1. Which residues, taken from segment 10-32, are open to solvent by 100 Å² or more (accessible area, probe 1.4 Å) and modelled with pLDDT of 65 or more?
2. With the structure loaded, tell me whether G214 is at pLDDT below 90, outside any helix (DSSP H, G or I), open to solvent by less than 30 Å² (accessible area, probe 1.4 Å) and of a type in the set (G, A, S) or whether it fails that test.
3. When you scan segment 69-84, how many residues do you find that are acidic (D, E) and touching a helix residue (DSSP H, G or I) at 6+ places or on another chain (Cβ under 7 Å)?
4. Among the residues of segment 101-122 satisfying the criterion of being within 17 Å of V46 (Cα to Cα) and either of a type in the set (K, R) or open to solvent by 10 Å² or more (accessible area, probe 1.4 Å) (or both), which is farthest from the chain's Cα centre (by Cα)?
5. Is it the case that some residue within segment 161-173 is β-branched (V, I, T) and at pLDDT 95 or above?
6. Does segment 59-69 contain at least one residue that is at pLDDT below 90, in a loop (DSSP other than H, G, I, E, B) and open to solvent by less than 90 Å² (accessible area, probe 1.4 Å)?
Amino acid sequence: MGDWLWVGFALLAVQPMIRQRILVAMRARLFGRIEEQRGSRVISLVHRQETMSFLGIPVFRYIDVDDSEQILRAIHLTDAEVPIDLILHTPGGLALPSMQIARALSRHPGKVTVFVPHYAMSGGTLIALAADEIVMSQHAVLGPVDPQIGDAPAASILRAVERKPIAEVEDETLILADQSEMALKQLRQTIHDITSDRLPEHVRDALASDLSEGHWTHDYPVTVEQARKLGLTVTTAMPPEVLELMALHPQPVRRQPSVEYSPGRRGPRGR
């Protein structure tokens, strides 16, 4: 009995790794299918909580330097005339890697298309701005790219300092305000640089202001309609293969699922 218990424990321990290997193989086959259909290089940047560790503990992900290294390598391995399709699903992340990815995509001679099946917030939106075309699901959203200094928006720090006499502001707050001003300038310049070939200057100015200067909260959802009003080239022709790929990036299995529905498309009665 003891031996069987150890065998059962071992099987439970390796089950997440086996499942992960199967998902990776399925994603690789789907990548090949999309690339063949579109004649492009397909790259995905998907941050979900995947059950990958020994005990199945979910890992929170965001845009980091490792992501930028991998994407820059993929762009480098793509011929200049080959289009790039980037599938983007992320809550955002660090400014440096987000800027690196955005600048590299903006300089790729071939067409760059960013697919946003659900959301690409903060640094994800900055990356999307570098695309020639953004394809969003009907209810997908982007978000503001206003820089955060510590736990506070840079624009809010500057406004707080401006509303008080300088003698009443602590030195540490003044330092944060100085950092905030630099961060805003850097981000506005990045938006100008990555959109210079596609948008006229007055549109770039308005876009940089709307998305970076704290007009909205950092988690404000920018819809398809609003993205178009900002001057972005956005369509809703989301390929079903992209949504299929998202299904291969599952969240950790819960004991009781939060959302349930019968599978398949539902049409009028009798169809």
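1. R21, R29
2. Considered against the rule, which asks whether it is at pLDDT below 90, outside any helix (DSSP H, G or I), open to solvent by less than 30 Å² (accessible area, probe 1.4 Å) and of a type in the set (G, A, S), G214 comes out as yes.
3. 0
4. Top of the filtered list is H118.
5. The answer is no; no qualifying residue exists.
6. Yes, segment 59-69 contains at least one residue that is at pLDDT below 90, in a loop (DSSP other than H, G, I, E, B) and open to solvent by less than 90 Å² (accessible area, probe 1.4 Å).
The values are calculated or read from the model by the stated rules, or taken from the named source; none is laboratory data. In this text the structure is predicted, and so the values were computed from the model without any measurement. Positions of Cβ are backbone-derived with ideal geometry, glycine not excepted, and every protein chain shown enters the neighbour counts. Note: accessible area is taken over every heavy atom of the protein model, side chains too, but ligands, DNA and RNA are not part of it. Shrake-Rupley method; radii C 1.70, N 1.55, O 1.52, S 1.80 Å.
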